[in-house]
Amino acid sequence: MAYAGIGEQARLIAAGELSSRELVELCLARIERYDGRLNAFRVVFAERARLEADQADGRRKAGTPPAERPLLGVPIAVKDDIDVAGEVTTFGTNAYGAPAREDAEIVRRLRAAGAVVIGKTNVPELCAFPWTESPTFGVTRNPWNLDRSPGGSSGGTAAAVAAGLVGAGLGSDGGGSIRFPAAYCGLFGLKTQRGRVPLAPHVDAWRGLSVNGVLTRTVADSALFYDAIADGTPDSASPPTHAAAGSSLLEALGQVAGGGGQGASNGSPSARALKIAVASELPPSPLTRLAPENEAALSETVALLQSLGHEVERREIDFGPLAPAPEFTARYLRSLYEEAGTLAYPERLERRMRTLARLGRLLAAPTVVEWVRSREHEFARRMNEPLVDHDVLLMPVTPAPPPRIGACEGRGWLWTTATAAATVPYAACWNVTGQPACAVPAGLAGDGLPRSVQLVSRPGDEATLIALAAQLEASRPWAQERPPGFE
């Protein structure tokens, strides 16, 4: 049951075959048993979760329809950059101030859908790096190999879901922070179109780079989650998830059950042979190269897609001479400076973070950021050229496997930033354009670590990504894989 996923958990609770209290107790027991090895959770709301579970069981017995509360009684973890009423939001540092007075909008919608908030998961300081280590809350480890990172900045969430401590967890993605942890931990992670998922009270987070979302074991679980939080009054910058998209992601998922790209004609995004472009060349950079295991994952996925009847061809991206460095870096640095300024005790930040914040003030003035954002349309046009005549773009998520724990321990800001920059080139560009992209598991490498590929759609077309990812999952199942030692 710990590895069943939130869809099956919700179904069993709705059918009365499992109580929310039983499921919460299972999660709490697994957290107590395993989290000492992982450090996935920053705080666990054990008693609150039990009370919320009892309330959920009461609602079920009172006849609450599943359609009204599709996540009734299901435990969900919350990344520690998202507000939960009555609890501090630390952003991975001890510079935080008072507890949040209200739930973030996405948490409010989760509760409205019936979910039980079981705890908050660890992040790197200010969510700034693609690994999850902080001087305040320690190191978070990958359940597939405890010497490796689960990625960042949603690393605590990914470790918790991968180890079966909880069925799903909230993340956020400002440069790959849902997709990296999903890739490193064998999970599905969809970054939706900018504006689909509510950010309030942190509207326009990271100057438009960041979106909120979820990490799950299966494509269906992500579809269920995004459909579930579509209800409610949105904040001004974040309309409901699928009101703009025009359809349910669960509907898109169901439409490919009969065979997808092998000649079906049911009108689903994958009911015809898709045209898929493949790109693997890196943006200009002396810092990194594509690792053989990651390249093999891409090649094997190409062969699988072709066997499913899709048309796949090489089509590299014109990143330009510097892209996406100016478009991303100015917004990244300015955001670190602005976030540091909102903290109660910014002097408590670690030294390299204080340096990066100062760089954000010196090098990324508001006028610079405005100029960079004014270039976004042209940058997006160039990046989307392969999608003019293709339905989906296939590329790596990261150039290399999960980094080793402590790779930047004791290093200064320049080394740390260069190491982070070497991780993000395939992912951060889609935060600049704001369009949907997802990490899809692609089996295990020879050393037992998860592999992954990235699918990118045209702006606003999450449905095609969900449909195609579900087809890959059906042909190459991954959800039954469990990290050794976390039975």
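No lab work stands behind these numbers, since they all come straight from the coordinates. As the structure is a computational prediction, the values presented were derived from the model and not from experiment. Ideal geometry is used to build each Cβ from the backbone, glycine not excepted, and the neighbour counts take in all protein chains shown.
Just a few scattered comments:
- Share of alpha-carbon pairs per 5 Å distance bin for segment 59-127, given as whole %: 4, 17, 24, 20, 14, 10, 6, 4, 2, 0
- The alpha-carbon atoms of segment 1-149 define a convex hull whose volume equals 113 cubic angstrom per residue.
- Segment residue 101-residue 345, length gained on full extension (0.36 nm per residue, minus Cα span): 86.0 nm
- Packing-based ranking of 360-372, 171-183, 444-456, 28-40 yields 171-183, 444-456, 28-40, 360-372, ordered from highest to lowest mean Cβ neighbour count within 10 Å.
- Against the compact-protein benchmark of 2.2 N^0.38 Å, the Cα-based radius of gyration of segment 376-483 scales to 1.24.
- The magnitude of the dipole of the chain, with charges of +1 and -1 set on the Cβ of Lys/Arg and Asp/Glu and taken from the Cα centre, is near 640 debye.
- Value of relative contact order over segment 17-176, rounded to a whole percent, pairs C-alpha under 8 Å and six or more apart: 27
- Amide proton proximity set for residue 278, modelled H, under 5 Å, gap of 5+: 313, 314, 315, 394
- Relative contact order for segment 6-475: 17 percent, from Cα pairs under 8 Å spaced at least 6 residues apart, divided by residue count.
- Computed FRET value (nearest 0.05) for residue 281 with residue 62, which takes r as the C-beta separation and R₀ as 60 Å: 0.55
- Segment 286-336 and segment 129-186 have Cα centres spaced 21 Å apart.
- Working note: Karplus 6.51/-1.76/1.60 with θ = phi - 60° gives segment 408-413 the couplings 10, 4, x, 7, x, 5 Hz, where Gly and Pro are set to x.
- Sorted largest first, the spans of the alpha carbon positions of segment 6-475 along the three principal axes are 62, 61, 45 Å.
- Working note: 222 nm ellipticity from helices only, DSSP H runs with n ≥ 4, each -39,500 (n - 2.57), summed and divided by the residues of the chain, gives -11000 deg cm²/dmol to the nearest 500.
- The smallest convex shape that holds all Cα atoms of segment 284-430, its convex hull, gives 145 Å³ per residue.
- Estimated FRET transfer efficiency when R0 is 30 angstrom, pair residue 444-residue 368 (beta carbons, to 0.05): 0.10
- Here segment 20-89 is treated as a Stokes sphere of Kirkwood radius computed over C-alpha pairs; at 25 °C and 0.890 mPa s its diffusion coefficient rounds to 183 µm²/s.
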